[in-house]
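Structure, as C-alpha cells:
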Amino acid sequence: MAVAAERLPSLEILVRDPDGFTIWTGPPFSNGEPKVKLEKIPCSTTKFSENGSKLMVVRSDCVITIYDSRNLVEIRSFQVPNLLAASISPCGTYVQTFQKPASPQDKNVVLWKIETGESVYQVFQKNMTKATWPSIRFSSDEAIACRLATNEVQFFDSQDFYKGIVHRLRVPGIAAFEASKNPGSHVAVFVPESKGMPGNVQIFACAKDLQSQPFARKSFFRCSSVQLNWSHGSTGLLVVVQSDVDKTNQSYYGETKLNYLTTDGTYEGLVPLRKDGPVHDVQWSYSGKEFAVVYGFMPAMATIFDKKCNPLLELGTGPYNTIRWNPRGKFICLAGFGNLPGDMAFWDYLEKKKLGATKAELSVTSEWSPDGLYFMTATTAPRLQVDNGIKIFHHNGSLCFKKMFDKLFQADWKPESPDKFSDIAELLKAVDLNKLEDTTKQGQGSKTAQSSSKAAALNPSVQKPAAYRPPHAKAAAAVQAELFGVSPAGEMSKNALKNKKKREKQREKKAAEAASAAGGT
C-alpha cells in the first residue's frame with residue numbers, strides 16, 4: 001500500500017495574486033499548511049493544458065512562457081507584440097495567440113507549435129467573442145482541429161497544419177459549434193432562428209466521408225443562444241436552449257429548456273424535468289453514463305438521469321444553482337453560488353445518501369480535486385474585491401483548509417487524469433490514516449496545555465472576563481429592574497427586599513391562622 005501510494009501523482013494548486021503565481025502542494029497537508037513547490041513568478045495570466053502536462057504563463061510585457069508541469073522547468077518562450085489573448089491546446093501541443101490587428105492584411109491569429117517554437121498557421125480575425133475564441137478548437141485528444149467561419153466549419157489536420165484547410169462542412173447561418181471531447185469524432189453546430197424558420201442543433205461526424213447527413217437534429221423556436229455539453233465518450237449531447245424573453249412572464253431572465261441528443265439518433269428531445277423554471281446547471285459524469293441537472297424556480301430541484309433520460313436519483317430541493325460531479329463519479333457537490341448564500345450539500349452517489357452540508361459564501365469558482373477527495377472553492381477578483389480567499393473541503397463537507405488574501409485572481413487544481421489515482425476506497429483509507437496520525441500528534445502535544453488549563457480552573461483568584469452585553473440588552477435589564485425590582489447585576493434592590501420580607505411574614509401569619517383554626521375544630 002505504501003509503495004503504491006508513492007507512485008500516485010501528487011495534488012498541486014496554482015494560486016495567482018497581484019504579485020504573480022505560485023504552485024502549492026495539495027492536500028493532505030502534513031502540518032495543516034501547504035508547501036510552496038514553486039516560488040512566486042510575476043505574470044498577468046496562467047493556464048494549464050487540459051491534460052495538465054503544460055503550463056502557459058503570460059507576462060505583462062507580451063511574453064508567453066511554457067513550463068513542463070512535472071518539474072516546472074521552462075521549455076519555450078514566445079515574444080508576441082500587441083498580444084490580447086492566448087490559449088493552449090488540450091494536450092499542450094500548440095499555443096494560439098490573438099494580436100491587435102493593424103489592417104485586414106495582418107494575419108493576427110497565430111498557431112505556434114510548442115516543441116519547435118514555429119508558427120504553423122496564421123489567419124485574420126476581426127474581433128474576439130465567446131463563439132470565435134479560441135479561433136481553432138481542438139477535441140480533448142487533439143484528434144480533430146476545426147474553426148468557425150462564415151456558413152461553414154473548417155477542418156485541419158491536427159498533426160500537420162501546413163496542409164491548411166483539409167475539408168469544409170457547409171452549414172448556412174451557423175453561429176456556434178462544439179467539438180466532442182474524447183474521442184474527437186463528432187461536432188455539434190447551432191443555427192439560430194431566422195425569418196420565421198426555427199433554430200436547430202445538428203450533430204455531424206468529423207470524417208469528411210460521413211458528413212453528407214447529420215447524425216441527429218433538433219429544431220426549436222424562441223431560441224437566442226445555446227450551451228452545448230458533450231458527454232465523455234462523445235455519445236450524447238446536452239443542449240441548454242436559452243431565450244431572452246419568457247412568454248409566460250414567470251422569469252425576468254428569459255426562458256431555458258434542456259434538450260438531449262445522441263450520436264446514434266436514438267433520442268432527440270426534451271429532458272423530462274419535474275419542475276418549471278430555468279435550467280441552472282448541467283454536468284455529465286466522468287463515465288458519460290449519467291448526467292445531473294439543477295433546475296426550476298427557487299428552491300431549485302436536482303435530479304440525476306441516465307443516458308435514456310430516466311431519473312435515477314433525486315437530490316432534493318434547496319437554494320442551489322451549481323452541481324459538481326467528482327472525477328471518479330462517486331461524490332457530488334450541490335451548491336448555491338453567485339447571488340445565493342453559498343449552501344453546499346455533499347452526496348455519495350453510489351451509496352445514494354447525503355454525507356454532509358456546509359457553506360462557502362461568496363464563492364466565484366469551485367471544483368473537485370483530480371483524485372475526487374477534496375472540493376475547493378475560491379473567492380476571486382475582479383468578480384469580488386473583498387473577502388478573497390481559498391477554502392478546501394473534504395468529500396463529506398468538513399473544512400480541510402482555509403486561507404484569506406487581500407486580493408486573489410485565480411486558484412486552480414493542476415489537472416490530472418483520474419485513472420492515474422488508486423481506487424477511491426483505498427484513497428479514503430489513506431486519508432483516514434493520515435488524520436489519525438495527525439490527531440495522535442496533536443493529542444500528545446496538547447498534554448501540557450491541558451494540565452495548565454486544569455491548574456487555572458483550580459485557582460479561585462483567576463476570574464473569567466464578563467460576557468459582552470450589547471446596549472439594548474443593558475437597557476432591557478434596567479427596565480426589568482424598575483418593573484420587577486431586580487437590578488441589572490441580578491441583585492434585588494432595598495425596596496424589593498423589604499417588600500419580599502413583608503410578603504413572607506403575611507404568608508407565615510396566614511399559615512399559622514389556618515393551623516390554629518384546624519386545631520380548634
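The values are calculated or read from the model by the stated rules, or taken from the named source; none is laboratory data. Quick caveat, the model's predicted, so the values are computed rather than measured. When we count neighbours, we look across all protein chains shown, and the Cβ atoms used for this are built from the backbone with ideal geometry, even at glycine. Calculation scope for accessible area: heavy atoms of the full protein, side chains included, ligands and nucleic acids excluded. Shrake-Rupley method; radii C 1.70, N 1.55, O 1.52, S 1.80 Å.
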_Can you give me the % of accessible surface on region 43-133 that is carbon or sulfur? Probe 1.4 Å, all protein chains present, nothing else counted._
49 percent
*How far is it, in nm, from the label point at residue 385 to the one at residue 224 when both lie 7 Å from their Cα along the line to the Cβ?*
2.8 nm
*Placed amide H near residue 166: partners under 5 Å, 5+ positions off or other chain*: 155, 156, 157
_region 343-385: GluC sites (Glu not before Pro) in DSSP loop, at most 11 other beta carbons within 10 Å_ = 351
_Positive-end residue of 396, 382, 322, charge dipole of region 275-416 with Cβ unit charges_ = 396
_Charge dipole (debye, nearest 20) of region 139-270; +1 at Cβ of Lys and Arg, -1 at Cβ of Asp and Glu_ = 320 debye
*Loop trypsin sites (Lys or Arg not before Pro), region 202-296 (other Cβ atoms within 10 Å of the site Cβ: 12 or fewer; DSSP)*: 247, 274, 275
*Taking R0 as 35 Å, what's the FRET efficiency between residue 40 and residue 149 from their Cβ-Cβ distance, rounded to 0.05?*
0.25
*Å² per residue, accessible surface of region 139-270 at 1.4 Å*: 48 Å²
*Quick one: net charge of residue 237's neighbours, Cβ under 12 Å, K/R +1, D/E -1?*
+1
*Want the number for residue 498 to residue 123: 0.36 nm per residue separation, take away the alpha-carbon distance, what's left?*
125.1 nm
_Cα-projected label distance for residue 267 with residue 167, points at 7 Å along beta-carbon direction, nm_ = 2.9 nm
_Reachable aspartates and glutamates from residue 500, criterion Cα separation under 17 angstrom, eight or more residues apart if same chain_ = 482, 491, 508
_Of 47/163; 353/403; 47/352, pairs whose Cα-Cα distance is over 32 Å_ = 47/352
_List the pairs from 181/208; 35/359; 100/407 whose alpha-carbon separation is above 20 Å, in the order I gave them._
35/359; 100/407
*If you average the sequence gap of Cα pairs under 8 Å that are 6 or more apart and divide by the length of region 198-337, what percent do you get for the contact order?*
14 percent
*Run the quick spin-label model on residue 396 and residue 298: label points 7 Å from Cα toward the beta carbon, then report their separation in nm to one decimal.*
3.0 nm
*asked:* 5 Å is the cut-off here: which amide hydrogens, built 1.01 Å from N in the peptide plane, fall below it relative to residue 312, excluding neighbours closer than 5 in sequence?
replied: 304, 305, 306
*Hey, could you get me the Stokes-Einstein D for region 51-150, Kirkwood radius over alpha-carbon pairs, 10 °C and 1.306 mPa s, rounded to whole µm² s⁻¹?*
113 µm²/s
